[in-house]
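No lab work stands behind these numbers, since they all come straight from the coordinates. Every value quoted in this text rests on a predicted model; they were computed, and no experiment measured them. Note: ideal-geometry Cβ built from the backbone for every residue, glycine included; neighbour counts use all protein chains shown.
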Amino acid sequence: AAVTLSVAEPGAPEVGELRGTTIGNSEITVALSGPPLGAANELQMRLTVGPRVRLLDAARMTFDGMEATFVLPHDLGGDLVELRLRRRLGSAFSAYSPVAGAVLPGTAMVSAVASATGLNQTVWRSDLALLNVRDITQQVGLVMSDGSTGTVTVPAKGQLVLDDVVASIGTGGAGALSVLADGSLVVASRTYNLGAEGTFGQPFAGVRAVAALPLAEPVELIGTVESAAFRTNLGLVSAGDQAATVLVTLR
């Protein structure tokens with residue numbers, strides 16, 4: 001999915017056109033049609049995610065003439081991203097390119113889905129909701145942690161709800177689900193016990209893989225309970241292509 005980023009500005013030298021293309025979930029590669037980059041500090045990218053603004057400079061960028069690759073922060077979070085670029089023109093930077101509503105496609109992870117029976121005659125199911133905020137239809141890939149895959153079509157400006165999503169892609173059991181989209185997509189799910197008197201469960205939002213915890217960064221979980229009335233379940237998902245070893249300490 002290409003996003004055209006124009007950096008031609010009134011009164012400034014023409015520096016050409018930049019095209020941003022997402023690669024995987026952690027990088028953005030920018031190909032320049034203007035003059036080749038002479039140094040990494042000639043280009044800067046600014047990301048806006050909700051209320052947060054992040055500046056990516058030479059420390060997060062590698063380049064090769066007409067192409068530069070920015071490594072995204074692990075804690076970026078969010079789905080809708082505005083990209084703005086600026087380039088050094090002689091001794092000074094241009095203003096940031098006016099690009100509105102650019103989106104960062106990639107993989108969203110739903111940490112827990114199930115289509116299985118559990119203890120005490122429980123029957124667990126997961127429903128998945130996909131909201132396409134783009135003006136065009138999107139083909140969305142679904143990949144279970146057991147390797148099962150499926151593809152669904154989400155209409156432009158429309159929503160698709162998949163009841164019992166695990167069974168809908170031809171598998172069963174429990175695991176994590178990856179949702180692969182080439183544009184802006186809102187991902188939500190609900191995992192619940194299907195009982196005779198109704199259902200009870202909890203929602204799981206889709207989280208972009210780039211927002212996963214980086215290596216060796218600790219996190220605190222509060223509000224964990226183990227009692228006659230309540231219990232706490234912990235699920236861990238590796239967002240990379242390798243197994244992860246995690247130390248869990250109960251304080």
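Give the relative contact order (percent, whole number) for the range 102-245; include only Cα pairs under 8 Å separated by 6+ residues. All intermediate terms of the calculation are to be shown ahead of the outcome.
Numbers: 291 pairs, mean separation 43.9, N = 144.
Here the relative contact order equals 30 percent.
Quick one: which residues, 5 or more positions from Arg134 or on another chain, have an amide H under 5 Å from its amide H? H modelled 1.01 Å from N in the peptide plane, none for Pro or chain starts.
Long-range HN contacts for Arg134: Lys157.
Can you tell me how much longer the chain between Glu197 and Asn41 gets when fully stretched, taken as 0.36 nm per residue apart minus their C-alpha distance, in nm with one decimal? Intermediate results must be reported in sequence, preceding the final value.
Details: separation 156, 0.36 × 156 = 56.16 nm, distance 6.28 nm.
Full-extension gain reported as 49.9 nm.
Once amide H atoms are placed 1.01 Å from N in the peptide plane, what residues at a sequence separation of 5 or more from Ser148, or on another chain, have their amide H within under 5 Å of its amide H?
none
At a threshold of 8 angstrom on Cα-Cα distance, excluding pairs fewer than six apart, so keeping six or more, what relative contact order does the range 180-241 reach in percent?
Working: 34 pairs, mean separation 12.7, N = 62.
Relative contact order for the range 180-241 comes out at 21 percent.
Could you derive backbone 3J(HN,Hα) for the range 123-133 from the dihedral phi with the Karplus parameters 6.51, -1.76 and 1.60 (θ = phi - 60°), listing whole Hz in sequence and x where the residue is Gly or Pro?
10, 9, 9, 10, 10, 10, 10, 10, 10, 8, 8
Would you mind getting me the FRET efficiency between Asp182 and Ala92? Use the beta-carbon distance for r and R0 = 41 Å, nearest 0.05. Walk me through the numbers on the way to the answer.
Working: r = 36 Å, r/R0 = 0.88.
Plugging the Cβ-Cβ distance into 1/(1 + (r/R0)^6) gives 0.70.
Just to check I understand the Karplus step: with θ = phi - 60° and J = 6.51 cos²θ - 1.76 cosθ + 1.60, what whole-Hz values come out for the range 184-198, glycine and proline as x?
Couplings: 5, 8, 9, 10, 9, 8, 9, 10, 8, 8, 8, x, 5, 9, x Hz.
Read phi for every residue in the range 223-240 and hand back ³J(HN,Hα) as whole Hz from Karplus 6.51 cos²θ - 1.76 cosθ + 1.60, θ = phi - 60°, with x for Gly and Pro.
My calculation for the range 223-240 gives x, 5, 9, 9, 8, 5, 9, 9, 8, 10, 9, 10, x, 10, 10, 7, 7, x Hz in order.
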